[in-house]
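A short reminder: the numbers here are calculations on the coordinates, not readings from a lab. Remember, predicted model here, so these are calculated numbers, not experimental data. In this analysis, Cβ positions are derived from the backbone assuming ideal geometry, glycine residues included, and neighbour counts consider all displayed protein chains.
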Amino acid sequence: MIETIAKNLKEVEQRVAAAAGRAGRDPREITIVGVTKTHPAAAARDAARAGLLDLGENYVQEARAKIEAAGQGVRWHLIGPLQTNKAKYAVRLFHLIHTLDRPKLARELDRRAAKAGVCQKVLIQVNLTGQEQRAGVLPEGLRELAELAASLENIELLGLMTVPPFLPAEEVRPYFAELRRIRDRAASWSIEGASFKELSMGMTADFEVAIEERATIVRVGTAIFGERSYT
Ligand SMILES: *Cc1c(COP(=O)(O)O)cnc(C)c1O
């Protein structure tokens, strides 16, 4: 399995570099997060051995065994929705939480991070679909949430994340471009203590398009670990 993961990773790295080149960017600005969801802990361990040191999971519970198996030196990313009552575990497990989307969660992460003696890095997830039931803060709520996050001592806001609707890669481009515009506007607010440097967007089907639209973090599962089976 490690050979397959290493070969797939190399291909993804080459595609990242090619997309960065097309956009006149330095590929070193782009972090590949390997998404291990539904794959066994051994996959996380093999990915780490193959040199992929940023890994992502959607759920706290599913991440535990993989975090253990992957060992030291891996930065874990939480890329799925976080229930407020799981914040106390999340602050001990994850380097970066991509899915801050409400004030209550910001306050709870701050409180739990303080208890754990850490400063929790976060991204705000933005909902660009216009459907209120989807995850993420609506663009009109971003400023208030960013100001709150920036005011809390034990969380550090580093940027934005989005999950666009499920569409072919070229149809997703406008969503990536929109997140970038929203980011540029947010940066112009000059909120003290907030950074909007990171843009987490793009998955297996569309990470090259996301990089062309200035993604700094791409979340890639299938292209590295193979198809998921949910049985
Ligand atoms: C599953 C998942 C990914 C990875 O998806 P692939 O299409 O397998 O690359 C990325 N981001 C989020 C939020 C996900 O849930």
Qualifying position, being touching a residue at least 40 places away in the same chain (Cβ under 8 Å) and closer than 16 Å to residue 182 by Cβ, among 81, 139: 139
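Of the residues 133, 125, 120, which single one is free of Cβ contacts under 8 Å to residues at least 12 places away in the same chain and either more than 16 Å from the ligand (Cβ to nearest atom) or polar (S, T, N, Q) (or both)? Talk me through it step by step, then tell me what you get.
On the way: 125 fails: free of Cβ contacts under 8 Å to residues at least 12 places away in the same chain; 120 fails: free of Cβ contacts under 8 Å to residues at least 12 places away in the same chain.
It is 133.
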Those residues of the stretch 1-47 which are farther than 30 Å from residue 61 by Cα and assigned to a loop (DSSP other than H, G, I, E, B), in sequence order: 23, 24, 25, 26
Residue list for the stretch 178-205, filter: closer than 19 Å to residue 26 by Cα and not hydroxyl-bearing (Ser, Thr, Tyr): 180, 196, 197, 198, 199, 201, 202
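Does at least one position in the stretch 102-119 carry a residue that is part of a strand (DSSP E or B) and either of a type in the set (A, V, I, L, M, F, W, C) or touching a Gly at 6+ places or on another chain (Cβ under 8 Å) (or both)?
First, the residues of the stretch 102-119 that are part of a strand (DSSP E or B): none.
Within the stretch 102-119, not a single residue is part of a strand (DSSP E or B) and either of a type in the set (A, V, I, L, M, F, W, C) or touching a Gly at 6+ places or on another chain (Cβ under 8 Å) (or both).
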Filtered residue count, the stretch 210-231, keeping only those that are surrounded by 21 or more Cβ atoms within 10 Å (Cβ to Cβ), outside any loop (DSSP other than H, G, I, E, B) and either more than 12 Å from the chain's Cα centre (by Cα) or more than 8 Å from the ligand (Cβ to nearest atom) (or both): 6
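Could you pull out the residue among 29, 11, 3 that is within 16 Å of the ligand (Cβ to nearest atom) and either of a type in the set (D, E, K, R) or surrounded by fewer than 20 Cβ atoms within 10 Å (Cβ to Cβ) (or both)?
Numbers: 29 fails: within 16 Å of the ligand (Cβ to nearest atom); 3 fails: within 16 Å of the ligand (Cβ to nearest atom).
It is 11.
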Pairs with Cβ under 6 Å, 6+ apart, first in the stretch 51-78 and assigned to a loop (DSSP other than H, G, I, E, B), second basic (Lys, Arg): 58/37
Complete set of residues in the stretch 102-126 that are surrounded by fewer than 23 Cβ atoms within 10 Å (Cβ to Cβ) and under 14 Å from the mean Cα position of the chain (by Cα): 121
